[in-house]
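Taken together, the values in this text are just the output of simple stated rules run on the coordinates, not laboratory data. Being a predicted model, the structure only gives us computed values, none of them experimental. Note that we place each Cβ from the backbone using ideal geometry, even for glycine, and neighbour counts take in every protein chain shown.
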Amino acid sequence: MAAGGKAAAKAWLKAQSRAGRGAAWPVVFAGIAGTAFAIGQAWCVALVLGAGLAGGPMPILPAAAAFAVLALVRMGTQVVGERYAFAAGAAARRRLRTDALARLLHAGPVMLGGRHSGDLASIVVDKVEALDGLFANWMPASALALAAPLLVLIAAGWTDPLAALVLALAGLLVPVGMAMAGIGAATAFRRQFLALSRLQARFLDRVRGIATIVLAGRAEDEARALAEAANELRRRTMRVLRVAFLSSITIDIAAAAALVFLALHYGFAGGNANGGLQPALFVLLLVPEFFAPLRAYAAAYQDRLHATAAAESLADLPPLPPPVPERQIRSVAARGVSVAFEDVGLTWDPARGPALDGLSFRVPAGETLVLAGPSGAGKTTALEILLGFVRPDRGRVLINGADIADVVPQALARLTAWIGQRPMLFAGTIRENILFGRPEASEAEVEAAVRNAHVADFVAQLPDGLDTVVGEDGYGLSGGQAQRVAIARAFLKNAPLLLLDEPTAHLDPASESAVLDGLRRLAAGRTVILASHSAAAHDFSGRRLDLRDGRAVAARGAA
């Protein structure tokens, strides 16, 4: 990723950290309380051991009772802290996944057309999950790594200032060692995520094209390629684990050095710290408590590196449009829809010229407009603007006299039904795919949609009728059958604006005839804009507008 991309990811991560900071404070307070109780437990143990080794009276019962109470309370604070940490991570994942999905849905298929679906799925699932540790572990641990050791240092300094100095010096070695071990760690995490994304995308592609692979005799070659991609992910993961082990070793060395130094110090001093064996034992028992939050910090450092690598992909998603306060966003009445293009221009790539260049037309409510012209004339681009997937560079698009930019997106979605060349059918029953248009529809409405779309012509021959299960992308149905299911879905949605983009492409004459008859029934009483090369599709009653290079070059009245 370029330096600008890394800076954007860093800024995005900082903004998300600020948003999740409030949820981390309960975890921090629980951790500080747990450290305070641990100090009390160390003092109780030192009391009993010091008295026993010195041969004096042993306050076993009071010390044991105090130790047990502190242990129970400390356990309670740990449970509370873990619950708050889980809640913080879950809330952050929910917020980030909602934001990522909103940005993907707003971008639509136009802006995301060049990105692999496996990569997008990895972003929404795996990379959002990778950010869980940032909020659940790293943010509380980074605060506790300062507050909790400081509390231990105060207790140790009150007992023996030299011991506090030794612990402080040993603690300073930890971030130095972590920095040395972490050189190149961010790159290792980034490469691990890249290897994971490549494996997911490759696997998804090969599963989708499994018939082609088998028929081409490339099954063994592709299996070896997938195995190599999996091995690459394994190697990158092991490099990441190596960084984690190096960080842990640094803390172990620092803790061992501090413990050995203090033990030798008290041994040569005859076991005395400020005049007694008990303070010396107390200080030695504080050493593990001093390094415990630093150990948690080192473990959470891996979560931070994971989050940094994942943030680069999330920050690269298309942004949501900024709110426009000076413009009144409004909805549009659903009773009849008129559409108008006024000098609309749009350029995808300046090197290729404009996709639309001053396109103007008007479609009154309830009428049909057929957009004709060769590929690249701008037909699909005009439909994509009406679907809200892209905004024109200039000009206006009006829906019932309202600028499409002022229309509430949910209202625009309710007004519009779209049928493209290849309908999207989900894995499930035919009934579920039809009900996707309006899940609350009654059985009578479903039957009417099935009848009008000519779905009844073929479902009667299926073993389970409408409850027959089809695979992803309508696997198990022909192209014409899948298109008729999409028409039934549009019937059920009952939207007043119907957009059709080459709906009869790749169909044989018999299927095309059935699909066109269903579309004519669907078009009755609706505003229809049809983009098609098919001569049969041009038999739709309505005006025809010929496009060339994004401009209207000829118009004809009703056919």
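I need the shape label for segment 339-556. Rule: rounded when a/c is under 1.5, else prolate if a/b > b/c, else oblate, with a, b, c from the alpha carbon gyration tensor. Here segment 339-556 falls in the prolate category.
Look at Asp303, Asp99 and count the other Cβ atoms within 10 Å of each Cβ; fewest to most, that gives Asp99, Asp303. For segment 222-231, backbone phi angles converted through the Karplus equation (6.51, -1.76, 1.60; θ = phi - 60°) give residue-by-residue couplings of 5, 5, 5, 5, 5, 5, 5, 5, 5, 5 Hz, Gly and Pro being listed as x. Here the gap between Lys6 and Ser375, fully extended at 0.36 nm per residue and compared with their Cα-Cα distance, gives a gain of 128.9 nm. Over the Cα atoms of the chain, the radius of gyration divided by the Kirkwood radius equals 1.16; this is the Rg/Rh ratio. The order of Arg484, Arg218, Arg93, going from fewest to most other C-beta atoms within 10 Å of their C-beta, is Arg218, Arg93, Arg484. The angle between the Cα long axis of helix 443-452 and the main principal axis of the chain comes to about 50°, on a 0 to 90 degree scale. Available extension along the chain between Ala19 and Ala121 is 34.3 nm, counting 0.36 nm per residue and deducting the alpha carbon span. Note on Glu447/Leu150: beta-carbon distance plugged into 1/(1 + (r/R0)^6) with R0 of 60 Å gives a FRET efficiency of 0.25.
So, R0 is 25 Å and r is the distance between the beta-carbons of Glu440 and Arg94; what FRET efficiency does that work out to, to 0.05?
Using R0 = 25 Å, I get an efficiency of 0.45.
Fully extending the segment from Asn231 to Val207, taken as 0.36 nm per residue of separation minus the present Cα-Cα distance, adds 6.7 nm. Once the Cα atoms are used to define both axes, helix 60-111 deviates from the longest principal axis of the chain by about 20 degrees. With neighbour counts taken as other beta-carbon atoms within 10 Å, the residues Phe135, Phe67, Phe282, Phe426 rank, fewest first, as Phe426, Phe67, Phe282, Phe135. Put the Cα centre of segment 498-515 next to the Cα centre of segment 120-165 and the gap is 61 Å. Projecting the Cα atoms of Asn452, Gln481, Thr429 onto the dipole axis of segment 339-556, where Lys and Arg carry +1 and Asp and Glu carry -1 at the beta carbon, places Asn452 farthest toward the positive end. Taking label points 7 Å from Cα along the Cα-to-Cβ direction, Asp467 and Ala524 give a separation of 3.1 nm. In this structure, the amide hydrogen of Gly395, modeled 1.01 Å from its nitrogen in the peptide plane, lies closer than 5 angstrom to those of Gly345, counting only residues at least 5 positions away or on a different chain. Label separation (Asp508 vs Arg396): 5.0 nm, computed from points 7 Å beyond Cα along the C-beta direction. In this Cβ point-charge picture (+1 for Lys and Arg, -1 for Asp and Glu), the chain has a dipole of about 880 debye about its Cα centre.
Toward the positive end of the charge dipole of the chain, with +1 on the Cβ of Lys and Arg and -1 on the Cβ of Asp and Glu, the farthest Cα among Leu199, Gly217, Thr35 is that of Thr35.
Each other residue within a Cβ distance under 11 Å of Arg362 adds +1 if Lys or Arg and -1 if Asp or Glu, for a net charge of -1. Among beta bridges identified by DSSP and lying wholly in segment 339-556, the antiparallel ones come to about 55 percent.
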